[in-house]
Each structure stands twice: as structure tokens, then as C-alpha cells.
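Below is one structure, written out as C-alpha cells, with a few remarks after it.
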Amino acid sequence: MPGQIAAALIAKMERVETATIGHFLHSGFIDRELRAVLPHKRVAGTAVTVRLPHADSTVLHYLTRLVRPGDFVVVDRCGDDKHACWGGVVTHAMKLGGIVGAVIDGPATDFIEIRRADLPIWCRGPSPITTKILGLEGAINVAVSVGGQTVHPGDAVLADESGVLVLEPARAEWAADKAIAMQQGELVLLERLRNGEKLPDISGASTMVEAWTHH
């Protein structure tokens, strides 16, 4: 299992909206078609990866005995969009293992159970057709491809209702610090709006538009 990201950095990341980082980074974001099953959740954790081909979820079941509090499970479905590898029983087993969340590049099932367990999951929607314990192949903690992003074991993951972001641990602190400063600046901006200033005057849009209209 990969080394876990320091608790202090995780706590800092949990103060950050993915969309704030989206103001200054373009890479690292997982395809927006992978959406939150539970809205209003924001979690950060250490990537633990699993590659599950076709209808075989054997290694995902095995992973439930390895996961630790603070892990974020990242599931590469190798292009399979038919079989749900993640349902109610896996949700409960993973929750008992202490994971903070999971992202699945494919469908899941038993959304009622996921909501009841209150475990944040991001996926490509529901499917009633499930994987099986076939014991053919699969891999744990290898580099995977999920939603157009390469994810390595031990990467930092930040996920909320706007999407999922994966960062190298060395960049995560820088990104979190920059985002927190921006969020604090936004609070100042909102106060200026409440005091009667207009957004385009603050943002510079007024100056630009007026320059066009004077030509």
C-alpha cells in the first residue's frame, strides 16, 4: 500500500473547492461525466488504485481487507461501461475499512445503500448489471487511467460535487495554499458587492467592454 499523505495536508485540502483550483489548473481533473452520488460532500485522501477488467471484481473485494482510514479508492474499469463493480456490500466493507471516498470509471449500483452508508462515491451513473468474482485478472496499486487522467498510488485526491482532482503530493500543498488564498480573496470581493460595487468594475470587464465600444 502507498504511503499516506500527511493529515495536516489532507485537512488543508478539505478546505478547498475543486472549482477554485480549476481557475488556475487545467490538468489533473477527471472527466466530469464521473459524478457524485452524494451531493454536498467534499473529501480528500490518498489514492489507492485498482484495475478491474470487464466483469471481474475479485481484486476489488480483496482490496477491502487492505484499505486504511484516509484512503481514497480509484477504480479503472478498463473501458467497461456495462457492469457495476461497486454496490451495497462493497460500500459497507470499504466504509468499515475507513476509506473517505471512491471514484469509479464506470457505473455503480445500489445507490440507496451508498446514500444510507453516507460514503461519497463518484461514478458514471447506475447500472443493474454487476461484476462477478471470476478470479481471472486485475491489479492493485498500479498506475491506472480514470476519466482521462493517469493516477498513481499515493497521489492526492480532492473530490466534491463539482468533480474529482488528482495531484502529485508534491504539488498538492502548493495548489491548496493558492486556492485558499483565492477563496479568502473571494470573501472580500463578495463584501464589496454587498457594499454596492459592481462585479465588472472589480473584475476589469467594464474597462474592457468600454474600450471596445469606444473604437
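For this structure, a couple of remarks:
- Gaussian network model of the chain, Cα within-10 Å springs - most flexible of Asp201, Asp56, Asp105: Asp201
- Gap separating the Cα centres of region 102-171 and region 32-52, nearest whole Å: 5 Å
- Of the solvent-accessible surface of the chain, computed with a 1.4 Å probe and all protein chains present, 55% belongs to carbon and sulfur.
- In degrees, nearest ten, helix 169-194 long axis to first principal axis of the chain (Cα): 40 degrees
- When the trypsin sites (Lys or Arg not before Pro) in region 134-215 are filtered for DSSP coil states and for at most 12 other beta-carbon atoms within 10 Å of their beta-carbon, the remaining sites are Lys198.
- Longest segment of the chain lacking GluC sites (Glu not before Pro) that sit in a DSSP loop with at most 16 other Cβ atoms within 10 Å: 34-136
- Report summary: the helix-based calculation at 222 nm, which adds -39500 (n - 2.57) for every DSSP H run with n ≥ 4 and divides by the residues of the chain, gives -10000 deg cm²/dmol.
- A Förster radius of 35 Å, combined with the Cβ-Cβ distance separating Thr213 from His40, puts the computed FRET efficiency at roughly 0.25.
- Given +1 at the Cβ of Lys and Arg, -1 at the Cβ of Asp and Glu and no other charges, the dipole of the chain around its Cα centre is 440 debye to the nearest 20.
- Within straight-line cross-link reach of Lys12, lysines at Cα separation under 19 Å, skipping those fewer than 8 residues along the same chain: Lys41, Lys178
- Other residues with beta-carbon under 13 Å from the beta-carbon of Gly98 carry, at +1 per Lys or Arg and -1 per Asp or Glu, a net charge of +2.
- With K and R counted +1 and D and E -1, the other residues having a Cβ less than 11 Å from that of Cys78 yield a net charge of -4.
- Linear extension gain, Leu136 paired with Ala11, 0.36 nm per residue minus alpha-carbon span: 41.1 nm
- Cβ-based net charge around Ala19, under 10 Å, with every Lys or Arg adding one and every Asp or Glu removing one: -3
- Once backbone amide H atoms are built at 1.01 Å from N, Thr130 has Ala84 as its partners under 5 Å, excluding neighbours fewer than 5 places away on the same chain.
- Cα gyration tensor shape of region 68-143, rounded if a/c is under 1.5, else prolate or oblate by comparing a/b with b/c: oblate
- FRET efficiency estimate (nearest 0.05) - Cβ-Cβ, Ala143 to Arg115, R0 30 angstrom: 0.45
- Straight Cα distances below 16 angstrom link Lys82 to the lysines Lys132, with same-chain residues fewer than 8 positions distant left out.
The values are calculated or read from the model by the stated rules, or taken from the named source; none is laboratory data. As the structure is a computational prediction, the values presented were derived from the model and not from experiment. Methodologically, a virtual Cβ is constructed for each residue, glycine included, from the backbone with ideal geometry; neighbour enumeration extends over all protein chains shown. Side chains are part of the model used for accessible areas, which takes the heavy atoms of the whole protein and leaves out ligands, DNA and RNA. Shrake-Rupley method; radii C 1.70, N 1.55, O 1.52, S 1.80 Å.
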